[in-house]
1. Within 13 Å of ligand 2 (Cβ to nearest atom), over 22 Å from Phe127 (Cα atoms) and touching a residue at least 12 places away in the same chain (Cβ under 8 Å): which single residue out of Arg78, Arg12, Arg31, Arg59 fits that description?
2. Check Val52 against each of (1) exposed (fewer than 14 other Cβ atoms within 10 Å of the Cβ); (2) in contact with a Ser or Thr (Cβ under 7 Å, 6 or more places away or on another chain); (3) in contact (Cβ under 8 Å) with a residue 12 or more places away in the chain and name the one condition it does not meet.
3. Please go through region 51-62 and give me each residue that is in a strand (DSSP E or B) and either touching a Leu at 6+ places or on another chain (Cβ under 8 Å) or charged (D, E, K, R) (or both), ordered by number.
4. Has region 63-83 got any residue that is closer than 13 Å to Gly4 by Cα, outside any strand (DSSP E or B) and modelled with pLDDT of 95 or more?
5. Just one of Ala42, Ala77, Ala89 is touching a Pro at 6+ places or on another chain (Cβ under 9 Å) and surrounded by 14 or more Cβ atoms within 10 Å (Cβ to Cβ); which is it?
6. Condition first: part of a strand (DSSP E or B), closer than 16 Å to Leu79 by Cβ, of a type in the set (A, V, I, L, M) and within 15 Å of ligand 1 (Cβ to nearest atom). Can you find one or more residues in region 24-43 that meet it?
7. Among the listed residues Arg50, Arg78, Arg69, Arg59, which satisfies the condition of being over 30 Å from Trp117 (Cα atoms) and within 16 Å of ligand 1 (Cβ to nearest atom)?
8. Among (1) touching a residue at least 40 places away in the same chain (Cβ under 8 Å); (2) not in a strand (DSSP E or B), which single condition is His108 missing?
Amino acid sequence: MLRGSCLCRAVRYEVAGAIHDVHHCHCSMCRKSHGAAFSTFARLTAGDFRIVAGEDQVRRYRSSAPIERTFCTTCGARLTVRFDGMPDAVWVSLATFDDDPGVRPDVHMFVASKAPWVEISDGLPQFAEYGPMGG
Ligand SMILES: [Zn+2]
Ligand SMILES: [Zn+2]
């Protein structure tokens, strides 16, 4: 069981199952949403993710028609992303985990949209847009 929470800790969640993969996303929506050079998301089976406190603090926002992002209304921490086309999956912002998830990022995606001031200096595979499915 892995635990996570938002910055103000009003919203807390638990992850019961395996993390399938982890990616860094450099798309412009992630950059703006996270206020960061890129987002880092872990893909889980939707049923393995459970909010255990602060559900009423979670705001949902559609950054594009099929994509719903959630965040804490008090502190603004980004929590999850879901795609309408993949209802069995949920992507959780790895930076909000309180425990070491034990996994490490696999790929960089949407590198074609990356901020010009970001230099990728690790050896992970880079994809112009989406990586291998889920990655
Ligand atoms: Zn919060
Ligand atoms: Zn993105």
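The values are calculated or read from the model by the stated rules, or taken from the named source; none is laboratory data. Note that the structure is predicted; figures quoted are calculated from it, not measured. A quick note on method: Cβ atoms are made from the backbone with ideal geometry, for glycine too, and the neighbour counts reach across all protein chains shown.
1. Arg78
2. Going through the list (1) exposed (fewer than 14 other Cβ atoms within 10 Å of the Cβ); (2) in contact with a Ser or Thr (Cβ under 7 Å, 6 or more places away or on another chain); (3) in contact (Cβ under 8 Å) with a residue 12 or more places away in the chain, Val52 breaks only (2).
3. Val58, Arg59, Arg60, Arg62 - these are the residues of region 51-62 that are in a strand (DSSP E or B) and either touching a Leu at 6+ places or on another chain (Cβ under 8 Å) or charged (D, E, K, R) (or both).
4. So far as region 63-83 goes, yes, one or more of its residues are closer than 13 Å to Gly4 by Cα, outside any strand (DSSP E or B) and modelled with pLDDT of 95 or more.
5. Ala42
6. Looking through region 24-43, none of the residues is part of a strand (DSSP E or B), closer than 16 Å to Leu79 by Cβ, of a type in the set (A, V, I, L, M) and within 15 Å of ligand 1 (Cβ to nearest atom).
7. Selected residue: Arg59, the only one of Arg50, Arg78, Arg69, Arg59 that is over 30 Å from Trp117 (Cα atoms) and within 16 Å of ligand 1 (Cβ to nearest atom).
8. Failed condition: (2).
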